[in-house]
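The values are calculated or read from the model by the stated rules, or taken from the named source; none is laboratory data. Since we're looking at a predicted model, the values are computed, not measured. FYI the Cβ positions are ideal-geometry reconstructions off the backbone, even for glycines, and counts take in every protein chain you see. Each accessible area value is taken on the protein alone, full model and side chains, heavy atoms only, with ligands, DNA and RNA left out. Shrake-Rupley method; radii C 1.70, N 1.55, O 1.52, S 1.80 Å.
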Amino acid sequence: MFGHNGMHFISYICSFCEPIIAGWKLRSMSNNVAEMYQKYDSYGDPNPVCGIGSTANAGKKCQIEFVVPRDMEPPVLIHYEVDNFYQNHRRYITSRDDTQLLGSIEQTEYSASFCEPLVKLGNVTLNPCGLQANTLFNDVITLQSGNDTDGFPLVMVEEGIAWQGDLEFKYRQPDGFRYETCTSCDDCSCDGPDWSCEDRGPYVDPDGICHRYFYPNDNTTQYLHETYPMVVSPIEGVLNHHFVVWMRAAALPKFRKLYGWIDQHVAEGTVLKFELEANWEVQSFRGGKALVVSDSHTFGGKNEELANNFIIVGGMCMFFAIIFGLKHTFRPRKLADKEYLLYKED
C-alpha cells in the first residue's frame, strides 16, 4: 500500500515514538506513588503550621497528621524538603575541611582557610568547621503513632539513609576519640582525665544504656554533638547519618533529603502522626521547609517532571523527524549529485 519508501518512512517516524511511550509509562508509575506533603514553615507565610520566625534553635514542638490515601508498600520514605537554599553555591560547597572530617585534630592554616569565617568561635575551634557542617538541618522529626496491617506500631528507622561509601571513606571520629558502654548508669562515672563528659554526664542512648566518652582537646574545641545536641549524639559524632546526608550537597535550591523510612506495610486510611521540633529557621534566606511522606517505584519517588521531559523531547524529535522525512520522501537527494560537492579554488 505504501511502497518501499513509505514503509521506510513510517518505520523511521515510529522509532521516535519510544521516548513518548517511555514518558507515558513513567507518568503512570509516578501517578501510582502515594505522596503526602505538608509545608510547615515558610518565608512570608502569615500562619505557618510550625513557624519559628527568625529564632534559631527555638525547640518549638508541633504535630502534623497525614491520612494515607492508598496502601503503601515498604519502604515508606520520610523526607524533609528545603526551598531557596543554595547548597550548590561554590563558596558553600568548598567551605569544609576534609582532613578534619577524616579525623585529623591538627588543622593547617591552608585547610582552615577553606572554612572561613566559621573556623573558630572566639578562642574555641569548631570541629567540623565550615558552612556546610554548621548549617545542618536540625529539626527533629518523630513518628508518634500509626499501625501496620498486622497491628504492630509503625517504626521510623533513621539508620541506613546515608551512602555507605560516604560513611566508610569520608568521615571519621577525631583521632583519639574513644567511648565505653557502662554496665550500669549508676557506675558510669566521667571523673578523671580519661573521660571528657564530666560536665554533661554520660550519654544515655534511646535504649537507656549509658556511655562515657573522650574527645581530645575538648576544652578548646566545640564538636558536632555540642553544636547540634538535638540531632547528633557524642557516640556518633560526624558519623551521624543525618549529618552525612546533609553534607552531600544538593544540585538545586529546592531539594529533598531522606530523614527516615518505614519498613512496614501501611494500609489505606492509616493516620500517621508526626511530632516536629522546629529548630532550623528559614526567614533569613527567605526559604521554606516541608515534611514529605511517600512510597516509591523503580525510578524513585513521585516525579512527573521526568515523564514530561521524555514526552516533550520525544514529541520534538517526532516533529522534526516528520519534517525531514517528508522532505526526503518527496524531494530526495540524488545519489552522487555533483550539485552538493564543493571544490577549493585553484
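Assorted remarks:
- The listed residues ARG248, ARG286, once ranked by accessible area (1.4 Å probe) with the largest placed first, stand as ARG286, ARG248.
- Whole-Å semi-axes of the ellipsoid equivalent to the range 20-173 (Cα gyration tensor, √5λ, descending): 36, 22, 18
- With R₀ set to 35 Å, the beta-carbon distance separating TYR110 from THR181 gives a calculated FRET efficiency near 0.35.
- Here the Karplus relation 6.51 cos²θ - 1.76 cosθ + 1.60, evaluated at θ = phi - 60°, turns the backbone of the range 319-330 into coupling constants of 4, 5, 5, 5, 4, 5, x, 5, 4, 5, 6, 8 Hz, with x for every Gly and Pro.
- Structure-derived P(r) over Cα pairs in 20 Å bins from 0, in percent: which label, when the choices are (1) 23, 44, 21, 10, 2, 0; (2) 29, 57, 14, 0; (3) 33, 57, 10, 0: (1)
- Subtracting the Cα-Cα distance of LEU167 and GLN38 from 0.36 nm times their residue separation leaves 43.4 nm of extension gain.
- Computed with the Debye formula from one identical point scatterer per Cα of the range 183-327, without solvent, the log10 of I(q)/I(0) at q = 0.09, 0.12, 0.18 Å⁻¹ comes to -0.55, -0.81, -1.22.
- Over all other residues within a Cβ to Cβ distance under 10 Å of MET230, the charged ones net out to -2, with Lys and Arg as +1 and Asp and Glu as -1.
- Here the Karplus curve 6.51 cos²θ - 1.76 cosθ + 1.60, taken at θ = phi - 60°, turns the phi angles of the range 264-279 into couplings of 9, 6, 10, 7, 4, x, 5, 9, 9, 10, 10, 9, 10, 10, 7, 10 Hz, with x standing for Gly and Pro.
- Formal net charge of residues neighbouring VAL76 (Cβ-Cβ distance under 9 Å; K, R +1; D, E -1): -3
- Mean Cβ count within 10 Å, highest first, over the residues of peptides 310-318, 115-123: 310-318, 115-123
- Given LYS170/LYS302; LYS39/LYS170; LYS61/LYS289; LYS60/LYS170, the pairs whose alpha carbons are separated by over 23 Å: LYS170/LYS302; LYS39/LYS170; LYS60/LYS170
- Dipole in debye (nearest 20) - the range 156-265, about Cα centre, beta carbon charges: Lys, Arg +1; Asp, Glu -1: 840 debye
- Contour minus Cα-Cα distance for PHE320 and LEU102 (0.36 nm per residue): 73.2 nm
- Dipole magnitude (debye, nearest 20) for the chain, charges at Cβ of Lys, Arg, Asp, Glu: 2260 debye
- Length gained when the stretch HIS328-ALA251 is fully extended (0.36 nm per residue, less Cα-Cα span): 23.5 nm
- Calculated SAXS-style log₁₀ I(q)/I(0) at q = 0.13, 0.20 Å⁻¹ - the range 102-208, Debye, Cα scatterers: -0.84, -1.29
- The chain, relative contact order [Cα under 8 Å, separation at least 6], %: 38 percent
- Spacing of the two label points (7 Å from each Cα toward its C-beta) at ASP45 and LYS120, in nm: 4.0 nm
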